[in-house]
Structures are given as C-alpha cells and as structure tokens.
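Undergrad: Below is a structure I'd like to ask you about.
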Amino acid sequence: MNAIKLPTLFSLLLLISCSGNPFGESEIAAPDRVLSGRVRLNESDSAAGVYVWLEGFSLSTWSDQAGRFELKLPPGQVGGGNVTGIFKLYYYLANYDLKTTDILVRDGVLLQPQPALDAEGELLQPVNLREKLKIDTAIQPNYLSNSRIRVVAGKTNFLLKVEVSIQATRGPVVVFFPKAVNSVVAPVIFKNTKTGESKVIASTIAGIGDTDIATIDRLPRIRTLAVPLFPDDLVPGDYEIIPYLLIKDPEIPDKLIESLGSNALELGDGYLKVPFVRQGSHRLLHVQQ
C-alpha cells in the first residue's frame, strides 16, 4: 500500500465498509467489473507479454503489443462470499522492476470512485516498468542443415556456440544460473517459434564455469556454451535459444508464481510461462532438412 497515505487509506477503508452510497447516486458511478489499463517498458517499443495478476481473485492476463490489458471480475459470489477489500494488481516481468496498483473492491465489484481508476475501471496513468537485468543471447552459426551433420562413434561434428550475457542496469541483481539441473549439464532450451514446443539440450560450459548463484552488477557476466546437435534433435523450423536462469526477488508473492503453473520455475515447457524480455539479434537458429 505504498501509494496510499495512512489518512487516505483509513478513509478508503471506511468507504469500503459502508453498505450505502455516502456520496449520493449522482456523485458516484455504478460499480463495474471490468479493470483495464496499459503498461510501458522503458527499453522497448513493444510492451507485449507483461503478466498482470490481481491478488485475491483467480484473475490474470497478458498485455498485448501496445501494452493494453483487461480483466473482468467474475459475477456473483467469489470464494464462497462477496469479496471486499483493497487488493494489489501486479505487473510482472522477471527481469523488470515489479510494480503494483491498489484496487478497491466492495461486494465483488470495483468501488467508485478510487484513486487509481476512472469511472470505467481504466487506470488513470500507464504503468511504466524499468528493466533491471539485461539478458543478451547470441549464437553461431545461425543456420543448421540436418542432412549435413555427420555422426562418428556417437559424436556429432556440429557444435552450436551460445553466448549468454547478463548485466544489471542499475543496482545488483541476484541470479540463479545453474551449471546443471538434475542430470542435464548447462541446459539450453530450444523453442520452436511456430509451434511453441520446446526441447532441452545439454551443453558444455567453455572455460571456467562460475557459481550457480551470482550477484550481477553493471559489469556483464558472460557464459559461453557449446551445444552438440544431432540430426534428429530438431525438426526443420526456426528456434529461439533460451538459457535457463531465475532471478531472485523477495517482493514477488509465491501465489503469483503459482498462478503461472505448478512447474513454472522448473526446467522445461513450464519455464516458458515465466515472462522475460530477452535480447540479441542473433539468437534464432534456422533449421533445414
């Protein structure tokens, strides 16, 4: 509740607890169930993929290309009773600062008036998110022909070089960048950009590997991986190369992460639900037969 001072908050709590309309029918809009707004990213023209989650409700959505989002409160009773209180609306990108807005709800609908919304349930101001960790991935080569791969004595002649650079843009950021996950050494995720399907492939860390958990500052931390690929590993198509890493942030509620899925933090398809902004103009692998 950082955005609301105590006297104002006390007044709002009184307003929520009132069973009638203290301002009169002409001065307060009818309560609504549609909550909408816009998010902006300081480092990108596109604001697609921000995860918007309303605590206290099973409600979430993703922002579109323009950063727009919309949530609809369910009709009738919620959770066995009409919901009343002040709930936080979260805007989540894993490598951006977390932002919230206090939303006032009475009997399961948006209360009007309230500080952050207009009479239609629209945020009065766009929410600006600031990048805290830059993730840059580059690969070499960018093209693979399965028919040209040669396998001799169980070894492939094709190695994909993956260079991952992570850098804090302001203060230090704690990152979990594991050298191995279970039995998979230096895992790299290959996501088919058309189907959304993914495959995890082990790699080798070039040089001396650093620790699994590191505090990243403004000096880039670079990890170079060598990924052996075999003819049957990837069907023809375009693949985004995604390193597996997690950002430690105690401000993120456990329930927010749980709402992404029970396996959102695990290596695999579930991890792709965690929203990131990844950079790198050469992070796509084009696979041909």
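Undergrad: If I go through the range 34-47 residue by residue, how many of them are closer than 25 Å to residue 170 by Cα and either at pLDDT 95 or above or buried (at least 20 other Cβ atoms within 10 Å of the Cβ) (or both)?
TA: Here is the first cut: in the range 34-47, the ones closer than 25 Å to residue 170 by Cα are 38-47.
From the residues that got through so far, the ones that are either at pLDDT 95 or above or buried (at least 20 other Cβ atoms within 10 Å of the Cβ) (or both) too are 38-41, 47.
The number of residues fulfilling the criteria is 5.
Undergrad: Mind listing whichever residues of the range 164-179 are surrounded by fewer than 18 Cβ atoms within 10 Å (Cβ to Cβ) and within 17 Å of the chain's Cα centre (by Cα)?
TA: Scanning the range 164-179 gives 174, 176.
Undergrad: Hey, can you tell me all the residues within the range 267-281 that are in a loop (DSSP other than H, G, I, E, B) and surrounded by 14 or more Cβ atoms within 10 Å (Cβ to Cβ)?
TA: 267, 268, 274, 275, 276, 277, 278, 280
Undergrad: Restricting attention to the range 195-202, does a residue exist that is at pLDDT 95 or above, part of a strand (DSSP E or B) and touching a Lys or Arg at 6+ places or on another chain (Cβ under 8 Å)?
TA: Scanning the range 195-202, I find at least one residue that is at pLDDT 95 or above, part of a strand (DSSP E or B) and touching a Lys or Arg at 6+ places or on another chain (Cβ under 8 Å), so the answer is yes.
Undergrad: Right, here's the next one. Out of the residues in the range 132-163 that are in contact with a Leu (Cβ under 7 Å, 6 or more places away or on another chain) and assigned to a strand (DSSP E or B), state the one that is surrounded by the most Cβ atoms within 10 Å (Cβ to Cβ).
TA: For the range 132-163, the residue satisfying everything is 162.
Undergrad: Taking the stated definitions as given, is residue 61 in contact with an Asp or Glu (Cβ under 8 Å, 6 or more places away or on another chain) and either farther than 23 Å from residue 251 by Cα or of a type in the set (Gly, Ala, Ser) (or both)?
TA: no
Undergrad: Does residue 149 satisfy the condition of being of a type in the set (Val, Ile, Thr) and under 20 Å from the mean Cα position of the chain (by Cα)?
TA: No; evaluated as a whole, the condition is false for this residue.
Undergrad: I need the strands (runs of 3 or more DSSP E) fully contained in the range 53-115, keeping only those with at least 3 residues that are assigned by TED's automatic domain parsing to the domain that holds residue 38, crowded, with 20+ Cβ neighbours inside 10 Å and in contact (Cβ under 8 Å) with a residue 12 or more places away in the chain.
TA: Numbers: elements: 59-62, 68-72, 85-92, 99-106.
Those strands (runs of 3 or more DSSP E) span 85-92, 99-106.
Undergrad: Quick check: anything in the range 207-219 among the aliphatic types (A, V, I, L, M), part of a loop (DSSP other than H, G, I, E, B) and in contact with a Phe, Trp or Tyr (Cβ under 6 Å, 6 or more places away or on another chain)?
TA: Just the residues of the range 207-219 that are among the aliphatic types (A, V, I, L, M), to begin with: 208, 213-214, 216, 219.
Going one step further and asking which of them are part of a loop (DSSP other than H, G, I, E, B), we end up with 208, 219.
Now restrict to residues that are in contact with a Phe, Trp or Tyr (Cβ under 6 Å, 6 or more places away or on another chain): none.
There is no residue in the range 207-219 that is among the aliphatic types (A, V, I, L, M), part of a loop (DSSP other than H, G, I, E, B) and in contact with a Phe, Trp or Tyr (Cβ under 6 Å, 6 or more places away or on another chain).
Undergrad: Over 17 Å from residue 247 (Cα atoms), touching a residue at least 60 places away in the same chain (Cβ under 8 Å), assigned by TED's automatic domain parsing to the domain that holds residue 142 and loosely packed, with under 15 Cβ neighbours inside 10 Å: is that true of residue 193 in this structure?
TA: Yes.
Undergrad: Give the residues of the range 121-131 that are closer than 30 Å to residue 32 by Cα and assigned to a strand (DSSP E or B), sorted by residue number.
TA: 122, 123, 127, 128, 129
Undergrad: On the basis of being closer than 27 Å to residue 42 by Cα, touching a Phe, Trp or Tyr at 6+ places or on another chain (Cβ under 8 Å) and modelled with pLDDT of 95 or more, does residue 131 make the cut?
TA: So residue 131 fits the description; yes.
Undergrad: Turning to a different aspect of this structure: Is it fair to say residue 22 is at pLDDT below 85 and either under 17 Å from residue 123 (Cβ atoms) or out of contact with any helix residue (DSSP H, G or I) (no Cβ under 9 Å at 6 or more places or on another chain) (or both)?
TA: So residue 22 fails the test.
Undergrad: Being over 23 Å from residue 52 (Cα atoms), under 19 Å from the mean Cα position of the chain (by Cα) and either part of a loop (DSSP other than H, G, I, E, B) or of a type in the set (Val, Ile, Thr) (or both) is true for just one of 257, 252, 241. Which residue is that? Can you show your working first?
TA: Working: 257 fails: over 23 Å from residue 52 (Cα atoms); 252 fails: over 23 Å from residue 52 (Cα atoms).
Residue meeting the stated conditions: 241.
The values are calculated or read from the model by the stated rules, or taken from the named source; none is laboratory data. Computed from a prediction, not measured in an experiment: that's the story for all the values here. Positions of Cβ are generated from backbone atoms using ideal geometry, with glycine treated the same way; all protein chains shown enter the neighbour counts.
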